[in-house]
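Participant: Just passing along the structure, written as structure tokens.
The values are calculated or read from the model by the stated rules, or taken from the named source; none is laboratory data. Model, not experiment: these values are computed from the prediction. Ideal geometry is used to build each Cβ from the backbone, glycine not excepted, and the neighbour counts take in all protein chains shown.
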């Protein structure tokens, strides 16, 4: 009997967002895995957009994420200073465009006023409590972040501690963390 093998799949990441104390932070690990092999340790999955007015992080297939970054950047140019509107318009395209529907990625995005989760199912969600995590280690980071958000730690410290917890638990998450932050309207 022959054994059928599934193609190797690019696996996971962890992206974490914390909004607290006049800052919003998005942190992401740097590991890229193909099946059971780590391909890269220092990938940059978090970056500024819209001339530094927006920060974003992605979880999912890398090429798909870059496509989404480009599409979001175009929407932000079309709707400057309107992150929510740009994200809703991107989500509409994502749901209706035949090419975009096949993309396998999620994004966390934030500006000085709003934090959002974008999914391929057309969801544009504002996280409760100022904390969100996505990706293979997202739930671990989210749980740790929620546990820490009421502490005296600032947003970046909470994000870094939460990412460290995720890296200890999730095999698709490492300790090479990229952090981007913005001052908020608080």
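Participant: Answer yes or no: is there a residue in the range 104-117 that is over 23 Å from residue 52 (Cβ atoms) and touching a helix residue (DSSP H, G or I) at 6+ places or on another chain (Cβ under 6 Å).
Facilitator: There is at least one residue in the range 104-117 that is over 23 Å from residue 52 (Cβ atoms) and touching a helix residue (DSSP H, G or I) at 6+ places or on another chain (Cβ under 6 Å).
Participant: So for the range 102-110 (the condition being at pLDDT below 80 and surrounded by 14 or more Cβ atoms within 10 Å (Cβ to Cβ)), does at least one residue qualify?
Facilitator: Scanning the range 102-110 turns up at least one residue that is at pLDDT below 80 and surrounded by 14 or more Cβ atoms within 10 Å (Cβ to Cβ).
Participant: In the range 30-45, how many residues are surrounded by fewer than 24 Cβ atoms within 10 Å (Cβ to Cβ), at negative phi and out of contact with any helix residue (DSSP H, G or I) (no Cβ under 8 Å at 6 or more places or on another chain)?
Facilitator: Number satisfying all stated conditions: 11.
Participant: Follow-up. Identify all residues within the range 1-29 that are buried (at least 20 other Cβ atoms within 10 Å of the Cβ), modelled with pLDDT of 90 or more and in contact with a strand residue (DSSP E or B) (Cβ under 7 Å, 6 or more places away or on another chain); write none if there are none.
Facilitator: Result: 14, 15, 16, 17, 18, 19, 24, 25, 26, 27, 28, 29.
Participant: Looking only at the range 139-178, count how many residues are closer than 14 Å to residue 12 by Cα and buried (at least 24 other Cβ atoms within 10 Å of the Cβ).
Facilitator: The qualifying residues number 4.
Participant: Counting just the residues of the range 53-84 that are without any contact (Cβ under 8 Å) to a residue 24 or more places away in the chain and over 13 Å from the mean Cα position of the chain (by Cα), which one comes out surrounded by the most Cβ atoms within 10 Å (Cβ to Cβ)?
Facilitator: The residue in question is 75.
Participant: I've got another one for you. In the list 65, 86, 61, 56, which residue meets the criterion of being over 29 Å from residue 152 (Cα atoms) and modelled with pLDDT of 85 or more?
Facilitator: On the way: 65 fails: modelled with pLDDT of 85 or more; 61 fails: modelled with pLDDT of 85 or more; 56 fails: over 29 Å from residue 152 (Cα atoms).
The conditions single out 86.
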